[in-house]
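See below for the structure under consideration.
The numbers here are math on the coordinates, done by the rules we state, and not lab data. All of these numbers come straight from a predicted model, not from anything done at the bench. Cβ: placed from backbone, ideal geometry, glycine included. Neighbour counts: every protein chain shown.
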Amino acid sequence: VRRSHAAWRQAAVALCALAAATLVMLAFRARLDKAHVAMIYLLVVLGGSAAGGRFVGLVLGSTAFLAFDFLFLRPYYTLAIADPLDWLVLFTFLVTSIVAAELLDRLRRHAELAEQRAVELDRLSTLGAETLNAARAEQALVAIATVIRSAVSVERCALFVSEGASLRSVAGTDVGGSDHTLIDADSLLEYVVRSGQAAIEREDGTLHLLSVNRPQEPAIGLHHVKAFALPLSIRGETVGALRLSAAVGFSLTAEHRRVLLALAYYAALGIERLRLERTEETAEALRRADVLKDALLASVSHDLRTPLTTIKGIAHEIRHGGEASRAGVIEEEADRLSALVDGLLQLSQLDAGALPVAIELNTVDDVIGAALQRATAVLGAHRVDVVLGDEDMLVGRFDFGHTLRILVNLLENAAKYSPPTAPITVTARRRDRRIDISVADRGVGIDHAEREKIFHPFYRIPGAVADVRGAGLGLAIARRLAEAQGGRLSVAPDAASGSRFTLDVEAAELPSD
Amino acid sequence: MTVLVIDDEPQIRRVVRNAVRDLDLRVVEASTGTEGVDLAAAERPSVIVLDLGLPDRGGLQVCRDLRAFTAVPIIVLSARHGEPDKVALLDAGADDYVTKPFSPVELQARVRAQLRRASKDAKVAKHIAVGNLIIDLVRRTVSRSAIPVHLTPTEWDLLRVLATHPDQTLTHHQLFHAIWKGTHGDMQQYLRVYVGQLRRKIEDDPIKPRHIKTEPSVGYRFETGP
């Protein structure tokens, strides 16, 4: 409706121009030849066609035809024509204006199409860049799903990745509502992936299969579509599927399907990237497990055998009449072994990604308090200063147990590696959308070269005092616990000599009550 | 008074027996869950020490079976120290848990605390005084070092529930249930924030709380001891 409205307005403007030209020519009618009139009218008609398109051109052409006959061909003010040769002039004029209007219109359409293609190309290149640039493949897939949805203007677009025989949803955009398809969505997708054909489910429940290689066929638009499923393949291998659906039937023109196929290629690329990432992650986990295993084997001889040797020796002594009070050493060594076994179990769980993470709303007060309480025995004579950033309570989203373990470990280390009465400072400060919790000691500090190595299992700083109680796993576990809840654990030299370990967790807003 | 020890391992039973010797308790022992439940009905013990790893049925099930007929304090011995296990136990009706390996002193302290609590439960308190904190349950007022403390309704509910279960760990779930009466709203996730706000009002140092202690990943405990 709006389109024809605009056309009528353009036609009116063109008719005004025609009327103006006619009035001017009428004034000089006596001095004008038929050829002059034909030329000027043709100019106006061509101008109108170029600006307003075919419709305006045709309206203008036929009006000019009538005006020419009525006003400029004798006898004036009738449609009759005296000179038969004038018919030729008039007819030539009409044909020329119609052909010109047609040609101009065709040109315009080509230009429009070229522009549309340019927009499409732009969209595709943006998408390409997004697919390559997104930090994670999941994000790229969400972007692709959004573009597809808007390009085809359909409510829902979901992407699935093939995992063995099953499909897993990886990205989906949803604008509310639910689609009530007659055919089970999962089985349709599975069929599509197996057969390599695209499928269209219509509102009446009928199913149409399309060849993926010739998506333009049939050339007609498909209307009343409830759902559209397309296999996604790359280098001949089907890696996933795409599904469009809506509560109310939508149309898929041949053009839509052409665009969809191009976009689907990017979706396939994104899914391929996701699969590669997964493989890489598995390889990384295996590599870590391998490193851990090597470190474990290397340390088993020392870290496990030393306490066992002590226990065995003292038990033997006591049995043969030694001092019973020496049993306390057995207790200590047993504790140490127990801590080592716990640590190894946790580390292997973390490396296998098997340790559950419960991200919940927690207060920083609470976790620091619990850490101080748990570390009381180790802290001994150390004074602990707690510095909290602001008056408001700091609230974050983190796993309480994991964060507690990290902080206890940091406090224990701080106590262990600094002079017996040196103060330890715990600071918590909001930094944009994160909260930094740091533990600073007054120890000797850590050499630059050692700063990363101390987070490796069983690593001991060369020349450091032999640690009688630790298992050499604390920081390795702490860092992995931090990573498991999306944070980081790092170390930097502290201004007041010593080291500052900083953990960051996600900040949250305080509820208004 | 009698303590019932339900454990299949004689070594552990011996450790428990030695730990409670100083408390002047009669010790009754059971080596299976079935036997334990039967003895609990017959002997009416004052406290039960229950091992999770029993040959005939899970400790969690024994806990539920006991709760079907008795409110006697149950202390669970657990080898695993995964927090989810502890939470499940407390939700099933256990009063406390001790993680293996434990020191006899620790177990003794836990048994003593449960006995003390059981004797207090008998009389319904109208007001609770702990250290410098006085809670009047009838007039719904709280004062810290004789200065009245203003609490929001949610903070009051939280304090009342905790204070009327002294020295007992209440799981997050139990606290949600007691405060929000089973309505599952958005407020539940703020439990920890309310605890933080309550501590800022009633504790001298909210970072080192004396009254409301955190049981990491399990819940909170209102402490009355020194």
- Item | P(r) histogram, all alpha-carbon pairs of segment A:1-111 included - 5 Å bins from 0, percent | 2, 13, 22, 23, 18, 11, 6, 3, 1
- Quick one: Karplus J couplings for segment A:50-65, per residue in order, coefficients 6.51, -1.76, 1.60, θ = phi - 60°, nearest Hz, x for Gly and Pro? 4, 7, x, x, 4, 4, 4, x, 5, 4, 5, x, 6, 5, 4, 4
- Message: Rg over Rh of chain B, using C-alpha atoms and the Kirkwood radius, what does it come to?
- Response: 0.99
- List B:Tyr220, A:Tyr417, A:Tyr459 from most exposed to least, where exposure is judged by having the fewest other Cβ atoms within 10 Å. A:Tyr459, A:Tyr417, B:Tyr220
- Query: For peptide A:396-406, how many partner chain Cβ atoms fall within 10 Å of a residue's Cβ, on average?
  - Reply: 2
- Task: Work out Dmax and Rg for segment A:12-72 from the C-alpha atoms and quote the Rg first, both in angstrom.
- Result: 11.0, 34
- A:Glu120 neighbourhood, Cβ < 11 Å, K/R = +1, D/E = -1, net charge 0
- Note on the structure: With x for Gly and Pro, the residue-by-residue ³J(HN,Hα) of segment A:268-280, computed from phi through the Karplus equation 6.51 cos²θ - 1.76 cosθ + 1.60 at θ = phi - 60° and given in whole Hz, is 4, 4, x, 5, 4, 5, 4, 5, 5, 4, 4, 4, 5
- Computed, not fitted: 222 nm per-residue ellipticity of chain A from DSSP H runs ≥ 4 (each -39500 (n - 2.57)), nearest 500, equal to -18000 deg cm²/dmol
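Within a 10 angstrom radius of the beta carbon, how do A:Leu308, B:Leu4, A:Leu42 rank from fewest other beta carbons to most?
Final ranking by Cβ density, sparse to dense: A:Leu308, A:Leu42, B:Leu4.
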- Note on the structure: Normalised per residue, the volume inside the convex hull of the alpha-carbon atoms of segment A:332-378 in Å³ amounts to 86
- Note: A:89-102 gets an average of partner chain Cβ contacts (10 Å, Cβ to Cβ) equal to 0
- Taking the Cα centre of segment B:131-220 as the origin, how large is its charge dipole in debye, to the nearest 20, when only Lys and Arg (+1) and Asp and Glu (-1) carry charge on their Cβ atoms? 140
- Would you mind giving the three semi-axes, in whole Å and largest first, of the ellipsoid equivalent to segment B:1-76 according to its Cα gyration tensor? 18, 15, 9
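Once Rh is set to the Kirkwood radius over Cα pairs, what Stokes-Einstein translational diffusion coefficient, in µm²/s, holds for segment A:370-487 at a temperature of 37 °C and a viscosity of 0.692 mPa s?
Values: Rh = 15.3 Å.
Estimated diffusion coefficient is 215 µm²/s.
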- Residues whose built amide H sits under 5 Å from the amide H of A:Val170, excluding neighbours closer than 5 in sequence, are A:Leu159, A:Phe160, A:Val161
- Fewest-first ranking of B:Glu223, A:Glu360, using other Cβ atoms within 10 Å as the exposure measure: A:Glu360, B:Glu223
- In bins 10 Å wide, starting from 0, what share of all Cα pairs of segment A:38-92 does each bin hold, as a percent? 25, 48, 23, 4
- Neighbour net charge for A:Ile435 - beta-carbon separation under 10 angstrom, K R +1, D E -1: +2
- Item | segment A:277-371, relative contact order in percent, only Cα pairs under 8 angstrom and at least six apart counted | 28
- Percent of Cα-Cα distances greater than 24 Å, calculated over segment A:260-398: 65
- Note on the structure: Projected onto the charge dipole of the protein assembly as shown (unit charges on the beta-carbon of Lys, Arg, Asp and Glu, signs +1, +1, -1, -1), the Cα from A:Tyr76, B:Ala68, B:Phe102 with the largest positive-side position is that of A:Tyr76
- Query: About its Cα centre, what dipole magnitude does the protein assembly as shown give when the only charges are +1 on Lys and Arg Cβ and -1 on Asp and Glu Cβ, stated in debye to the nearest 20?
  - Reply: 1100
- Task: Mind checking segment B:3-76 for trypsin sites (Lys or Arg not before Pro) that DSSP puts in a loop (not H, G, I, E or B) and that have at most 16 other Cβ atoms within 10 Å?
- Result: B:Arg57
- Note on the structure: Counting sequence-distant residues (5 or more places) and residues on other chains, those with an amide H built under 5 Å from that of B:Asp167 are B:Phe222, B:Glu223, B:Thr224
- Item | Other-chain or far-sequence residues with amide H under 5 Å of A:Arg488's (modelled H) | A:Asp504
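Sorted from largest to smallest, which semi-axis lengths in Å does the alpha carbon gyration tensor of segment A:363-414 give for its equivalent ellipsoid, taking the root of 5 times each eigenvalue?
Value: 20, 14, 8 Å, ordered largest first.
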- Relative contact order in percent for chain A (Cα pairs under 8 Å, 6+ apart) equals 8
- Computed over segment B:38-146, Cα set: Rg, Dmax in Å: 16.7, 54
- Where q = 0.09, 0.10, 0.13 Å⁻¹, what log10 of I(q)/I(0) comes from the Debye formula for chain A, counting one point per Cα? -0.87, -0.96, -1.17
- Note on the structure: For segment A:353-367, Karplus-derived ³J(HN,Hα) couplings (6.51, -1.76, 1.60; θ = phi - 60°; whole Hz; x for glycine and proline) come out as x, 9, 7, x, 10, 10, 7, 9, 6, 9, 9, 5, 3, 5, 6
- Message: If I take the Cα coordinates of segment A:327-409 and project them onto the principal axes, what are the three extents in Å, biggest first?
- Response: 49, 38, 12
- Message: Averaged across B:204-212, how many Cβ atoms of other chains sit within 10 Å of each residue's Cβ atom?
- Response: 4
- Item | Where only alpha carbons of segment B:132-173 are counted, the Rg and the Dmax (Å) | 10.9, 33
- Task: Over segment B:86-143, consider all pairs of different Cα atoms and compute the Kirkwood hydrodynamic radius from their mean reciprocal separation; express it in Å, one decimal.
- Result: 14.0
- How big is the charge dipole of segment A:361-437 about its Cα centre, in debye rounded to the nearest 20, if each Lys and Arg gets +1 on its Cβ and each Asp and Glu gets -1 on its Cβ? 260
